[in-house]
Amino acid sequence: MRQADDRMLVLAPPGAGLTRQDWLTREIRRAILDGRLIAGALLPASRDLARLHGVSRGTVVAAYGQLADEGYVRGQVGRGTVVAARLAEPPRARRPQPVPALDPGLSARGEALARPRFPMVPPAAGTQAFRAGQPDLEAFPLGLWTRLAARRSRLNQRGLLADGDPRGYRPLREAIAAHVAASRGFACGPDDVVVVGSVQQALDLAARLTLDPGDQAVVEDPGYPAAAQVLAAAGAVLVPVSVDAEGLDVADALARAPSARFVHVTPARQAPLGVPLSLARRMRLIAWAAETGAIVFEDDYDGEYRFAGRPLAALKSLDRADKVIYAGTFSKLMFPGLRLAFVVLPDRLREPFAAALSLTARHAPLMTQVVLADFITEGHFGRHVRRMRVIYGERAEALNAAARDYWTGLVAVPPIEAGLDIAARLLRHGDDVAITRRAAAAGIETRPLSVWRQDRKGPATPGLILGFATTPPAMIRAAAAGLARVLEAAPRQ
């Protein structure tokens, strides 16, 4: 039996963050894998190796034990520790090859998921003028929320530490059902509701449950890029359909994709243009779904925030054939870090959806659901939404006024009637991505409208998505003046 000599155990210096035992285990493992220690080689006695590398004998014994557990070495009574004989052929040393930008082993669905056109990145710290898609986090009653969470913790309910119902905490589902009946104009029961981590998660599951590869799915154009990518990743053939002053052009959708199996639509406030889907088009879309059996996914991302009158009734309120999946989110109504949303499902999808959710995510965080249920049932949620509706309405009016004062001839801003942001059209500049970059350099955060275009072949309408919810009126005016300076200085395209 060959004795390992010192040259075979030349070890790299210990790295930061590793214990001596972990370091020694790693280095001996490497020596075995790269062939310096061959099968059957006798390792040094623990006392000798400890003295050689300045560690305790116990450290060496523990390292040998770990390597034995992993199958690299074995102990022989009276002979010491030897390298195991049944190791896989060690890899040959070779010149490192360049790592491709995208792993070629990804599936087609994996590539679609790994190439987001609209990647979600953490927002910059602090309040940014015109940040889109985010509520005012400073206005959320965080102290109240913290007290509710602390109260639940003090109750010492150990049942909340166990797994929960995949459909969600039942009192929360009851509260959501009551909320949509009062605010969104349709009745449902808690068994129709499933709590999820996000609308994106719900859309992904709905697409995988109802679409086969090659099925057509209608998406709004312009429309939410991430929704289109989720459907494409599920194997759907996307049919982008234009949006006008009445929302999705339903007649065009039916003409171009009469056999479509899925429609993603934002009827309360079209994303990103902000127009509601007209009643006539709602009726036609519902009738078509009833005739064909297609699923309509109603993405109601911020329909609660309508500044004049009550929020518009949901498309689901017209759904007599039970073909609409209604999706709502608390990210816009409360705060994005909550990561809770919900769907109201057609009867035939209730059990399959819950089963799929149990398989892929088990359930949304239970303790957070419990606190949210308390927040809603004790009336805090309703008061918060009503308060924020007033605040956002004032900020929308401030943006309208600032646009009149600073952007005449530069930016066309439509009337703002709802939501957290607005799509404004650039009048002198054709490259909204370049304008967005120039604005960012001036400390003004916007999004280019062209990113939302689904049909990449046709001409794009240049514009900016301007958020107003996070920005106080005085800051809106200052930022509007700053954006005007950016536009005046930018070359026309």
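When the alpha carbon gyration tensor of the stretch 261-309 is reduced to an equivalent ellipsoid, the three semi-axes, largest first, read 22, 12, 8 Å. The C-alpha atoms of the stretch 329-439 occupy a region whose extents along the principal axes are 54, 33, 27 Å, arranged from largest to smallest. Here is how the number arises for the chain: DSSP H runs of 4 or more residues each give -39500 (n - 2.57), the sum is divided by the residue count, and the result at 222 nm is -12000 deg cm²/dmol. Looking at the square roots a ≥ b ≥ c of the eigenvalues of the Cα gyration tensor of the stretch 240-341, which shape do they give, rounded for a/c under 1.5, prolate if a/b is larger than b/c, or oblate? Judged from the Cα gyration tensor, the stretch 240-341 comes out prolate (a/c at least 1.5, a/b above b/c). For the chain, relative contact order (Cα pairs under 8 Å, six or more residues apart, normalised by length) works out to 17 percent. Once you list every other residue whose beta carbon is under 15 Å from the beta carbon of residue 153, what net charge do they have if Lys and Arg are +1 and Asp and Glu are -1? The answer is +4. Loop-resident trypsin sites (Lys or Arg not before Pro) (DSSP state other than H, G, I, E or B) in the stretch 308-388 with no more than 13 further Cβ atoms inside 10 Å of their Cβ: 320, 362. For the chain, the extents of the C-alpha atoms along the principal axes are 88, 57, 50 Å, listed from largest to smallest.
A simple count of charges around residue 375, restricted to other residues whose Cβ falls under 12 Å of its Cβ and scoring Lys, Arg +1 and Asp, Glu -1, yields +2. Between 403, 439, 380, the Cα set farthest toward the positive side of the dipole of the stretch 355-493 (charges on each charged residue's Cβ, about the Cα centre) is that of 439. With no solvent and one equal point scatterer placed on each C-alpha of the stretch 361-493, evaluate the Debye formula and give log10 I(q)/I(0) for q = 0.14, 0.18, 0.22 Å⁻¹, two decimals. Treating every Cα as an identical point scatterer, log10 I(q)/I(0) equals -0.71, -0.94, -1.24. Building the convex hull from the alpha-carbon atoms of the stretch 163-378 and averaging its projection over directions returns 11.0 nm². Considering only 105, 393, 486, the residue lying farthest towards the positive end of the dipole of the chain is 105, judged by Cα position with unit charges set on Cβ. Toward the positive end of the charge dipole of the chain, with +1 on the Cβ of Lys and Arg and -1 on the Cβ of Asp and Glu, the farthest Cα among 28, 225, 301 is that of 28.
Quick one: order 449, 318 by neighbouring beta-carbon count within 10 Å, fewest to most.
318, 449
Dipole check for the stretch 356-493: with +1 at the C-beta of Lys and Arg, -1 at the C-beta of Asp and Glu, and the Cα centre as origin, the magnitude is about 300 Debye. How are the Cα pair distances of the stretch 136-264 distributed, in percent, across 5 Å bins from 0? Answer for the stretch 136-264: a P(r) of 2, 9, 12, 12, 15, 16, 13, 8, 6, 4, 2, 0 percent.
We did not get these values from a lab; they are worked out from the coordinates using the rules stated. Quick caveat, the model's predicted, so the values are computed rather than measured. Quick reminder, even Gly has a Cβ in these numbers, built from the backbone with ideal geometry, and neighbours come from all protein chains shown.
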